[in-house]
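Visitor: One structure, pasted below without further comment.
The values are calculated or read from the model by the stated rules, or taken from the named source; none is laboratory data. Computed from a predicted model, the values in this text were never measured in an experiment. Backbone-built Cβ (ideal geometry, glycine too); neighbour counts: all protein chains shown.
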Amino acid sequence: MGILKQEKTAWDKAYRALWRREERFLRHYEKKEPSALERKIASAAPDAIVETLHTAFVKAFGVVFEKGTGAILKAGGVDKRRIDYEVNVLAADQQEDKKTLKAFSKAASRAGAGNVLLSGAAGIGMGAFGVMLPDVPLFTAMLLKTVYETGESYGYRAEEEKLFALRLVNTALTDGPSLRKKDAWLNRYIQEGQWPDVPDMKEEMDAAARSLSRAVLYSKAVQNVPVVGAVGGAGDAVILSRVQKYAAIKYQKRFLIRRKLSGQQ
C-alpha cells in the first residue's frame, strides 16, 4: 500500500502560502534596479535636497512617536480592531481551518487598502500645487498607521511596535542584495522573540528615514513642480503599498509562529 503521506494542516498550508508570498516579494525587490530617469534624478539631486528630505522624515517619526501614536490608533478604530482580533482568535481556536486563519489577513488587507487610497489622494492633491515637505509628516503618519493597523489585525499592540515598525519600513524599502540580509534580521527576531543586538531608537529612526528619503526622492523631486507634481504625489501610494505588503507578510509570519509555539494549531 505504500507509505501514507501525513495530511497537511490548515496551519501548514497557510505557512507555505505565506512563504511563497515572502519569496516573491524578496525576489522582486532584490533584483530591482532604478530606471534611467530615476538614476538621472538621483545623480542630479543636490545633496541639500536629499538631506532635507532625510531630516524631515526623522523629525516626522519623532513627532508621531511622541505625540501622534494615540491619534493614529483612534483614527484607525483600534478598539474595534482589537475586538475583531479576539473574535477571530476564538473562531480559529475552536476550528482552525483555511477560513478562520484567512480572517486575520482579510482584516489586515482592509486596513492597508484604505490607507493606500488616502495617501495617494493626499499626495496627488499636494503635488498639484507643488508642495513637497508639508506632505512628509502626513505621509509618515499614514505609513505608521498602516503598519500599526496591520499589526493590530494579528494581535500586536501598536504601542509596543515602534522599533519593529522602523526596522520593517527600513527593510521593506531596501533594494538589492541588502534586502535579504535585513529580512533575515527581522526573521531572527520573529523566531526568537528578541533582537540579537541592542537597538537605539534614534539610530533606527535615522536608518528608516534614509530608506524613505531614497525611495521618495524621485516622486518628491517631481512633486515640487506644480501640476506635473500630481504624478509624483501618486508615488506616495506606491511606496505605502509596498510597505503594507511587506508588513502583512511579517506580521502574519509572527502570528503563525506564535500559534505554533503556543500549541494552538
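Visitor: Within segment 157-178, work out how many residues are surrounded by fewer than 21 Cβ atoms within 10 Å (Cβ to Cβ) and of a type outside the set (S, T, N, Q).
Guide: The number of residues fulfilling the criteria is 10.
Here's the yes/no breakdown for (1) modelled with pLDDT of 95 or more; (2) of a type in the set (D, E, K, R):
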| residue | (1), (2) |
| --- | --- |
| GLU204 | yes, yes |
| ARG210 | no, yes |
| GLY233 | no, no |
| ALA237 | no, no |
| SER241 | no, no |
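Visitor: Going through segment 15-54 one residue at a time, which ones are in contact with a helix residue (DSSP H, G or I) (Cβ under 9 Å, 6 or more places away or on another chain), at pLDDT 95 or above and not acidic (Asp, Glu)?
Guide: TYR15, LEU18, TRP19, ARG21, PHE25, LEU26
Visitor: So is GLY62 surrounded by 14 or more Cβ atoms within 10 Å (Cβ to Cβ), at pLDDT below 85 and not β-branched (Val, Ile, Thr) or not?
Guide: no
Visitor: Another question, then. What pairs come out if I take residues in segment 7-20 that are part of a loop (DSSP other than H, G, I, E, B) and pair them with residues that are surrounded by 12 or more Cβ atoms within 10 Å (Cβ to Cβ) and polar (S, T, N, Q) whose C-beta lies under 9 Å away, six or more apart or interchain?
Guide: Note: pairs meeting the criteria are THR9/GLN265.
Visitor: Quick check on GLY151: is it crowded, with 21+ Cβ neighbours inside 10 Å and either closer than 30 Å to ARG82 by Cα or modelled with pLDDT of 90 or more (or both)?
Guide: Against the criterion (crowded, with 21+ Cβ neighbours inside 10 Å and either closer than 30 Å to ARG82 by Cα or modelled with pLDDT of 90 or more (or both)), GLY151 qualifies.
Visitor: Then there's this: Pairs please, first residue from segment 69-87 and within 12 Å of ALA107 (Cβ to Cβ), second anywhere and outside any helix (DSSP H, G or I) and at pLDDT 85 or above, Cβ atoms under 7 Å, 6+ apart in sequence or on different chains.
Guide: So the pair list comes out as TYR85/GLY155.
Visitor: May I ask you to list the residues in segment 68-96 that are hydrophobic (A, V, I, L, M, F, W, C) and within 21 Å of the chain's Cα centre (by Cα)?
Guide: Hits for segment 68-96 are ALA71, ILE72, LEU73, ALA75, VAL78.
Visitor: Can you work out which of the residues in segment 100-119 that are surrounded by 21 or more Cβ atoms within 10 Å (Cβ to Cβ) and over 15 Å from ILE249 (Cβ atoms) is modelled with the highest pLDDT?
Guide: Top of the filtered list is ASN115.
Visitor: If you scan segment 73-99, which residues turn out to be buried (at least 18 other Cβ atoms within 10 Å of the Cβ) and over 20 Å from GLN244 (Cα atoms)?
Guide: Passing the criteria: ASN88, VAL89, ALA92.
Visitor: For segment 179-200, what are the residues that are without any contact (Cβ under 8 Å) to a residue 24 or more places away in the chain, touching a helix residue (DSSP H, G or I) at 6+ places or on another chain (Cβ under 8 Å) and surrounded by fewer than 13 Cβ atoms within 10 Å (Cβ to Cβ)?
Guide: The answer is PRO196, and nothing else.
Visitor: With the condition kept exactly as written, say whether any residue in segment 170-190 is modelled with pLDDT of 85 or more, closer than 25 Å to ALA14 by Cα, touching a Pro at 6+ places or on another chain (Cβ under 7 Å) and not in a loop (DSSP other than H, G, I, E, B).
Guide: yes
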